[in-house]
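Right, one structure below, let's go through it.
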Amino acid sequence: MLVLGIETSCDETAVAVVRDGREILSNVILSQAEHSYFGGVVPEIASRAHLRMLVPVYRQSFEESGVTLDEIGLIAATMGPGLVGPLLVGLTFAKGLAFAARKPFIPVHHVEGHIAANCLLHPELDERHLTLVVSGGHTMLVEVRSFGEFNVLGQTRDDAAGEAFDKVAKLMGLGYPGGAHLEKLAQDGDPGYVRFPRAMKNEPGYNFSYSGLKTAVALHLKRLSHEELESHKADIAASFQEAAVEVLVEKTTRAACELDVSHVTISGGVAANSRLREWLTRSLADCGRRLFFPSTPLCTDNGAMIAAAGYYRYRRDGPGELVANAVPYLKLNGK
Ligand code: KG4
Ligand code: ZN
């Protein structure tokens, strides 16, 4: 079955065509550049940019896929969580299209989409596995019992890991979104230069906290002279990254052992981070487990992951209703 996937929950306008939840025929992603001037996503600007660009991105996705709307068997779109205006643009477009073309429609949970990115790419992945979703909006550990049945083990109590990367990058005068810039800078730095706090690392359970780490970096930067900051930028970036990643590695490895799962995945924008990929791969291998992660374009928001999640959910529960509305704080599996 060919599935059209539409994602507009934040600042990416993305449309993809995916066959049977596995084969990507097209995956067009337009990242809105409008927000960099403000150092963060401005919801109203994002909604307007989605309105302007969704139809051109949709057309390009069909062109690249080589298929026509007639051949599409299911239309999937993100219904939440996310920014309500941006969500409404993609969701309303998808529902209107499904109604006009008489196609089944399925609303998709954004995090379910990130989780599906790994199922899409790695056919050998066990159906039951552990997943760490780390993005600009989410930091959560989830036991995937089967696709569509999720057990949320823990999540951040305040900021998401990606949000911390973005805020620290902003404090250091790097571009927005800052995660990738910060990682690049950290490559030449000494991760032992400052020992930033590893919040909740040794606490029982699987919750996270990133606001204290962000504040610790802000306070450290305030104490430095301009010269000190300039000569140690890379060291501070590396020290921050080390603290942020260490907690993710520790908690994910512990959860994998306690649940006794052989396969673990990471997804979301921060899953593009090489330090996280390397460290977690090693840590899990040391206890006989295997890590899977998406290719970099499938880590950040995209339509292919929504098409894949829509396909798996449709196979399990059948089509959704055209009355589905955008839900900014939508919970995963009600938890
Ligand atoms: O999944 P995503 O596109 O959006 C959300 O659902 O939030 O993730 C975007 C986040 C941003 O915070 C960005 O800074 C972060 O992912 N990110 C990274 C890297 N690439 C993107 N963080 C750390 N290292 C990277 N290489
Ligand atoms: Zn996302």
Exercise for the section: Specify which of the listed residues (S9, S61, S47) is within 24 Å of G175 (Cβ to Cβ), among the hydroxyl-bearing types (S, T, Y) and open to solvent by less than 10 Å² (accessible area, probe 1.4 Å). Expected result: S9
Problem - Check on D260, in contact (Cβ under 8 Å) with a residue 60 or more places away in the chain, more than 9 Å from ligand 1 (Cβ to nearest atom), more than 28 Å from F240 (Cα to Cα) and surrounded by fewer than 14 Cβ atoms within 10 Å (Cβ to Cβ) - result: no
Practice task
Taking the options V41, V111, V84, name whichever one is within 15 Å of ligand 2 (Cβ to nearest atom), within 30 Å of S146 (Cα to Cα) and either within 18 Å of the chain's Cα centre (by Cα) or modelled with pLDDT under 95 (or both).
Solution key: V111
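The rows are residues; the columns are (1) in a strand (DSSP E or B); (2) over 23 Å from the mean Cα position of the chain (by Cα).
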position: F150; (1), (2): yes, no
position: A164; (1), (2): no, no
position: A169; (1), (2): no, no
position: H181; (1), (2): no, no
position: M200; (1), (2): no, no
position: P204; (1), (2): no, yes
position: L213; (1), (2): no, no
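If you check T92, T139, which single one turns out to be at pLDDT 95 or above, of a type in the set (V, I, T) and away from ligand 2 (no atom under 14 Å from the Cβ)?
Being at pLDDT 95 or above, of a type in the set (V, I, T) and away from ligand 2 (no atom under 14 Å from the Cβ) holds for just one of T92, T139, which is T92.
Within 12 Å of ligand 1 (Cβ to nearest atom), closer than 30 Å to E34 by Cα and assigned to a loop (DSSP other than H, G, I, E, B): is that true of L174 in this structure? Walk me through how you get there before you give the answer.
Values: within 12 Å of ligand 1 (Cβ to nearest atom): yes; closer than 30 Å to E34 by Cα: yes; assigned to a loop (DSSP other than H, G, I, E, B): yes.
For L174, the condition - within 12 Å of ligand 1 (Cβ to nearest atom), closer than 30 Å to E34 by Cα and assigned to a loop (DSSP other than H, G, I, E, B) - is met.
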Problem - Number of the condition not met by T78 [criteria: (1) assigned to a strand (DSSP E or B); (2) open to solvent by 10 Å² or more (accessible area, probe 1.4 Å); (3) of a type outside the set (A, V, I, L, M)] - result: (2)
Handout entry: For G154: the one exception among (1) open to solvent by 10 Å² or more (accessible area, probe 1.4 Å); (2) under 21 Å from G212 (Cβ atoms); (3) away from ligand 2 (no atom under 14 Å from the Cβ)
Key = (1)
Handout entry: Residue within region 259-274 that is in contact with a helix residue (DSSP H, G or I) (Cβ under 8 Å, 6 or more places away or on another chain), over 30 Å from L174 (Cα atoms) and at pLDDT 95 or above present
Key = yes
Handout entry: Given (1) of a type in the set (K, R); (2) open to solvent by 40 Å² or more (accessible area, probe 1.4 Å); (3) in contact (Cβ under 8 Å) with a residue 12 or more places away in the chain, index of the condition K251 fails
Key = (2)
Problem - Near pairs, Cβ below 8 angstrom, 6+ apart or cross-chain, from region 309-328 (buried (at least 16 other Cβ atoms within 10 Å of the Cβ)) to any residue that is modelled with pLDDT under 95 and not in a helix (DSSP H, G or I) - result: Y312/F147; Y312/G148; R313/F147; R313/G148
Practice task
Hey, could you check region 12-30 for residues that are more than 16 Å from ligand 2 (Cβ to nearest atom) and open to solvent by less than 20 Å² (accessible area, probe 1.4 Å) and say which is farthest from L74 (Cα to Cα)?
Solution key: V28
Practice task
Could you list, in sequence order, all residues of region 221-241 that are charged (D, E, K, R) and crowded, with 16+ Cβ neighbours inside 10 Å?
Solution key: K233, D235
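Looking at I24, I45 in this structure, which one is within 23 Å of A98 (Cα to Cα) and β-branched (V, I, T)? Please lay out each step first, then the result.
On the way: I45 fails: within 23 Å of A98 (Cα to Cα).
From the options I24, I45, the qualifying one is I24.
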Fill in the blank from the handout: When restricted to V3, V67, the only residue under 24 Å from I115 (Cα atoms) and either in contact (Cβ under 8 Å) with a residue 60 or more places away in the chain or touching a strand residue (DSSP E or B) at 6+ places or on another chain (Cβ under 8 Å) (or both) is V3
Exercise for the section: Please name all residue pairs, on different chains or six or more residues apart, with Cβ atoms under 7 Å, provided the first residue is in region 194-206 and is modelled with pLDDT of 95 or more and surrounded by 20 or more Cβ atoms within 10 Å (Cβ to Cβ) and the second residue is among the aromatic types (F, W, Y) and not in a loop (DSSP other than H, G, I, E, B). Expected result: F196/F240
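The values are calculated or read from the model by the stated rules, or taken from the named source; none is laboratory data. Because the structure is predicted, anything quoted here is derived from the model rather than measured. When we count neighbours, we look across all protein chains shown, and the Cβ atoms used for this are built from the backbone with ideal geometry, even at glycine. Each accessible area value is taken on the protein alone, full model and side chains, heavy atoms only, with ligands, DNA and RNA left out. Shrake-Rupley method; radii C 1.70, N 1.55, O 1.52, S 1.80 Å.
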